[in-house]
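The values are calculated or read from the model by the stated rules, or taken from the named source; none is laboratory data. Just so it is clear, the model here is predicted, and its values are computed rather than measured. When we count neighbours, we look across all protein chains shown, and the Cβ atoms used for this are built from the backbone with ideal geometry, even at glycine.
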Amino acid sequence: MSKITLENMEFHAFHGCLEHEITLGNTFIVTVTMEFDTKQAGKSDELADTLNYQLIYDLVKQEMEIPSKLIEHIGQRIAKRIMTSYTQITALKLKLSKLNPPLGGKVQAVSIEIEKKRAL
């Protein structure tokens, strides 16, 4: 098994419960690590034998464009869609961070981490 990680994808999105979060938006960082078998790609050197991470990025971007109140909801939605769309992925770890959350004090980020494993 191998892992491919798309690290620190940055999006400006309109997620949150407060009015200014919905209208002004905020910066979010998404990291996704996907585990799968890369033996065939290692032999063939063909994109068709591995994950096309451009398509994974596009999927994450599409989900980030759908407003949600909670980062828990966004994270679960992204993880579910990746696992549903790419059956060769056996496990996934996703970290979603909201930078500078409106908590009344200086906080760099609030994050959620989600892990999914495919039932064998």
Check your understanding: Does residue 90 qualify as being loosely packed, with under 14 Cβ neighbours inside 10 Å, β-branched (Val, Ile, Thr) and at pLDDT 95 or above?
Key -> no
Practice item. Could you check how many residues of the stretch 75-94 are outside any loop (DSSP other than H, G, I, E, B), free of Cβ contacts under 8 Å to residues at least 60 places away in the same chain and either in contact with a strand residue (DSSP E or B) (Cβ under 9 Å, 6 or more places away or on another chain) or among the β-branched types (Val, Ile, Thr) (or both)? Key: 9
Study note, to complete from the structure: Checked the stretch 15-56 for anything part of a loop (DSSP other than H, G, I, E, B), without any contact (Cβ under 8 Å) to a residue 60 or more places away in the chain and touching a Lys or Arg at 6+ places or on another chain (Cβ under 7 Å); matches are 17
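Which members of the stretch 40-83 meet the condition of being of a type in the set (S, T, N, Q) and surrounded by 15 or more Cβ atoms within 10 Å (Cβ to Cβ)? Don't jump to the end; show me each part of the working.
Here is the first cut: in the stretch 40-83, the ones of a type in the set (S, T, N, Q) are 40, 44, 50, 52, 54, 62, 68, 76.
Within the stretch 40-83, 50, 68, 76 qualify.
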Review point. If you go through the stretch 9-43 one residue at a time, how many are among the polar types (S, T, N, Q), over 20 Å from residue 76 (Cβ atoms) and modelled with pLDDT of 95 or more?
Key: 1
